[in-house]
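Heads up, the thing below is written out as structure tokens.
The values are calculated or read from the model by the stated rules, or taken from the named source; none is laboratory data. Computed from a predicted structure; not experimentally measured. With ideal geometry, Cβ positions are generated from the backbone for all residues, glycine too; neighbour counts draw on all protein chains shown.
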Amino acid sequence: MIVPRYGHTAVDRNKVKRRLRDLVRTELLPSLAALDVVIRAAPSAYAASYDTLRTAVKKAAPQLKQPPQPPQPPQPAQPAQPAAGDGK
């Protein structure tokens, strides 16, 4: 859980952290397999109501349920083809 200061007090940051922790516990954990998730609060989270934060967490949940895509291996470089009509 990352809640940057954005010019707010520790009390404000802790309030946002408590709200987000509770929403993750009640909204995300019951429906997700074991995985690590990092949540970074935006500046607007300080002024958002609990219901607004809940909506944002629910909106992000489907993205977390998708299986991660394996990294694509790099494509081998193609050898340079001689230009047609070189006469060689």
Filter result for ALA33 (out of contact with any Ser or Thr (no Cβ under 7 Å at 6 or more places or on another chain), surrounded by 10 or more Cβ atoms within 10 Å (Cβ to Cβ) and among the hydrophobic types (A, V, I, L, M, F, W, C)): no
Cβ-Cβ under 9 Å pairs, at least 6 apart or on other chains, segment 6-26 side touching a residue at least 24 places away in the same chain (Cβ under 8 Å) and within 17 Å of THR55 (Cβ to Cβ), far side charged (D, E, K, R) and surrounded by fewer than 16 Cβ atoms within 10 Å (Cβ to Cβ): LEU23/LYS58
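Here is a check on your reading of the model: is ILE39 β-branched (Val, Ile, Thr), at pLDDT below 95 and loosely packed, with under 14 Cβ neighbours inside 10 Å? Spell out how you get there, then give the answer.
Details: β-branched (Val, Ile, Thr): yes; at pLDDT below 95: yes; loosely packed, with under 14 Cβ neighbours inside 10 Å: no.
No: the conditions fail for ILE39.
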Residues located in segment 22-63, provided they are more than 22 Å from PRO4 (Cα to Cα), assigned to a helix (DSSP H, G or I) and over 14 Å from the mean Cα position of the chain (by Cα): THR26, GLU27, LEU29, PRO30, SER31
